[in-house]
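Just below is one structure, and these are the notes that go with it.
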Amino acid sequence: MSGLDWAWFIALVGLVLGNLALFSWVRKREGEFLRKYDALKTLHKASQKQSESLKRELAELRSGALGVGKRVKELEQSISLLQARQDEVVQQDPEARLYSRAMKMVELGADVEEIMRECELPRAEAQLLVTLHQRGE
């Protein structure tokens, strides 16, 4: 083999070895990318499962909140009805109106004599109302 043949042979061997090295490097990088891709796929699946779980929990919370809201509305209606009935009872009871008026007078600063006269209450009851109001202040 002549010198030129050896040069071509060495160049060819160098080219083959270079290609093998490049191929090896590409395969190594491909393996790294595949591992990263698999890890990302696993993370994506996990995040999708968690997202679905959170969606279900949110739907349950919404449903519960709607139920609670409905119950609160029912209770508010019941309270309004009870307050209306209580007001009716108070208005039907003349003594209750009398005591309400007497308490209003006490709050406005009326004395025992004035309460007795205006509300037609006995002295002891008028004094009791005044005393209770003074203690509450």
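Please treat every number below as a calculation from the coordinates, not as lab data. Model, not experiment: these values are computed from the prediction. Cβ: placed from backbone, ideal geometry, glycine included. Neighbour counts: every protein chain shown.
Key figures for this structure:
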quantity	calculated
Breaking point among (1) part of a helix (DSSP H, G or I); (2) free of Cβ contacts under 8 Å to residues at least 24 places away in the same chain, for M103	(2)
Some residue of region 14-23 being in a helix (DSSP H, G or I) and either exposed (fewer than 10 other Cβ atoms within 10 Å of the Cβ) or on the phi > 0 side of the Ramachandran plot (or both)	no
